[in-house]
1. Taking segment 322-376 on its own, how many of its residues are under 28 Å from Val13 (Cβ atoms) and of a type in the set (Asp, Glu)?
2. Is it the case that Asn286 is buried (at least 21 other Cβ atoms within 10 Å of the Cβ) and of a type outside the set (A, V, I, L, M, F, W, C)?
3. Looking at (1) small (Gly, Ala, Ser); (2) within 30 Å of Leu474 (Cβ to Cβ); (3) at pLDDT 85 or above, can you tell me which one Gly413 breaks?
4. Give me the residue from segment 88-101 that is small (Gly, Ala, Ser) and surrounded by fewer than 22 Cβ atoms within 10 Å (Cβ to Cβ) and, out of that set, nearest to Val335 (Cα to Cα).
5. I want to confirm something. Restricting to segment 317-348 and keeping residues that are among the polar types (S, T, N, Q) and part of a loop (DSSP other than H, G, I, E, B), which single residue is surrounded by the most Cβ atoms within 10 Å (Cβ to Cβ)?
6. Could you say whether any residue in segment 210-220 is open to solvent by 80 Å² or more (accessible area, probe 1.4 Å), of a type in the set (Lys, Arg) and closer than 20 Å to Met315 by Cα?
7. Identify, from the list Ile271, Ile221, the residue that is of a type in the set (A, V, I, L, M) and in contact with a Gly (Cβ under 8 Å, 6 or more places away or on another chain).
8. Taking Leu54 as meeting all but one of (1) modelled with pLDDT under 90; (2) in contact with a Gly (Cβ under 9 Å, 6 or more places away or on another chain); (3) farther than 23 Å from Tyr352 by Cα, write down the number of the exception.
Amino acid sequence: MQFKGFCSEIFKVGFIGFGGGNALVPVMEDAFVRNEDFDEDQETYDKDVIVANLTPGALPVELSSALGDHAYGFKGMLLGPVLFALPGVIMAAVLFMILSSLNEYTLNYINIAAVGVAAFIISLLCDYIANVFVRNRSISERRFKRTYLVVALICFFTCGNAIIKLLGVDATSLFSVSTINMLAVVFFIAFWLHGNRNAFHIISTVVLSGIFLLGHGKAGILADVPVLMPVVEILMIALSVIGLIQSVKGTGIRLEIDQKRMGKTFLLWLIFIVVLSIPAVIILNNAIPFLLRDLLSTVMSFGGGDAYLTIADGMFVETGYVSEELFYSQIITVVNVLPGSILCKTLFGVGYYIGYNATGVTALGILSGISAFACSIGASCAAFYLIYYLYAGISKLNAIAFISRWIRPIVCGLLIKVMLSLVNSSISLSGTTERGRFGILLFIIVLAVVNYIVKKKFRLNPWLMVIVDIILALIFFII
């Protein structure tokens, strides 16, 4: 297949990219492995899939880059992921421009339509969670029970305020830790505790994690104790590094790396990110912190596109870059009805609204969104190639094995927080419509259950399901 043919094929895959990263694995296999015009072999592709699943970021973007790299070198490596993500981002840009120009009255109808989309998203997230439980039950009953425990613990520490808000109670949860801080604890446990079960490791993990969670919870317990939190955070970082070093020594890793090619690969992705970040730097006063958050949120995104919603919430909603209402009623609505990478579209949307709100100019919002989009592509692919070059040795690390084993149950707990946020966003319409809180809650639960059943039994086109959900939401609120 000539390079133009590859570009055309990867662009087409981007147009049909529904269902998340893993759903596109067979689609890409049909297009590039079983296609006689393309030279990708099954063994190489299988390795790419394994590495992409071990790597944070957008899985289909990473696979697109790997496919292009194997066949056409650096030009394929750079253009493959861009062309895959481009169709969804172009359609998202059009919808964001329309939404940002609507008046308050019209926007209220969009928010009503978003309730239908929210029900569809909740059904997808429930399906994701159910699949994780089914997969772990097939491994062992013990793994199944531990999955329940992990999900329950994550919910306990992160969902408190969302539950209180749902109940309409004026209070603050004891913990209700942000997604970012929860993941910080998870990675500390992975690198320090991993396979160690002695008393010192267990006690130090429990004490430091407990203090960290209390200090960073919404209630602010221990947050005002002088010096305590910085000391705890330094200890957690130091122990994580020590644990990682011990893990490397314990596995006796020997790495054989093409350092010249590896260096060139990372240099190209760095140039890609820097050049396309220039528009945001010119447009936004706080561009550098925002772009750094884009990069950090990407490299923290384990568990697929749906899981990224929890990261984006912590990075951009909880820190005030975009409002919760804007994020869940507009950005996430658009992101979930279009094909392509959820991560790339979400960051483009956040970048667009930050640029548009700062300047009031649609074109500048688009340019700001492109910079955020570039960060999502560049960070995903840079993370992928880091693991790709180190794969022979790094796959043996206890910490990596721990993360691979438990990241999906952890994500399940975080996704419950996302679902609660979607429900709370929908219930907030009780103030602008004639429907009460309980009626909206019941409607979205019933619609989500119906979506889940229909999706499992009939596997209808996602576009059709979303359109029906929107119509039902409009009927429910208006009639």
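The values are calculated or read from the model by the stated rules, or taken from the named source; none is laboratory data. Since this is a predicted model, take the numbers as computed values, not measurements. Backbone-built Cβ (ideal geometry, glycine too); neighbour counts: all protein chains shown. For the accessible areas, the whole protein counts, side chains as well, though only heavy atoms, and no ligand, DNA or RNA atoms are used. Shrake-Rupley method; radii C 1.70, N 1.55, O 1.52, S 1.80 Å.
1. Residues that pass the stated criteria total 0.
2. Values: buried (at least 21 other Cβ atoms within 10 Å of the Cβ): no; of a type outside the set (A, V, I, L, M, F, W, C): yes.
So Asn286 does not fit the description; no.
3. It fails just one condition, (2).
4. Here is the first cut: in segment 88-101, the residues small (Gly, Ala, Ser) are 88, 92-93, 100-101.
With the extra rule that they be surrounded by fewer than 22 Cβ atoms within 10 Å (Cβ to Cβ), the set shrinks to 93, 100-101.
Details: Ala93: 10, Ser100: 15, Ser101: 18 Å.
Among them, the one singled out is Ala93.
5. Quick first cut of segment 317-348, residues among the polar types (S, T, N, Q) only: 319, 323, 329-330, 333, 336, 341, 346.
Next, from what is left, pick out any that are part of a loop (DSSP other than H, G, I, E, B): 319, 323, 341.
On the way: Thr319: 14, Ser323: 14, Ser341: 33.
Ranking the candidates gives Ser341 first.
6. Narrowing segment 210-220 to residues open to solvent by 80 Å² or more (accessible area, probe 1.4 Å): 218.
From what's left, of a type in the set (Lys, Arg): 218.
Applying the additional criterion that residues be closer than 20 Å to Met315 by Cα yields 218.
So far as segment 210-220 goes, yes, one or more of its residues are open to solvent by 80 Å² or more (accessible area, probe 1.4 Å), of a type in the set (Lys, Arg) and closer than 20 Å to Met315 by Cα.
7. Ile221
8. Checking Leu54 against (1) modelled with pLDDT under 90; (2) in contact with a Gly (Cβ under 9 Å, 6 or more places away or on another chain); (3) farther than 23 Å from Tyr352 by Cα, the one that fails is (2).
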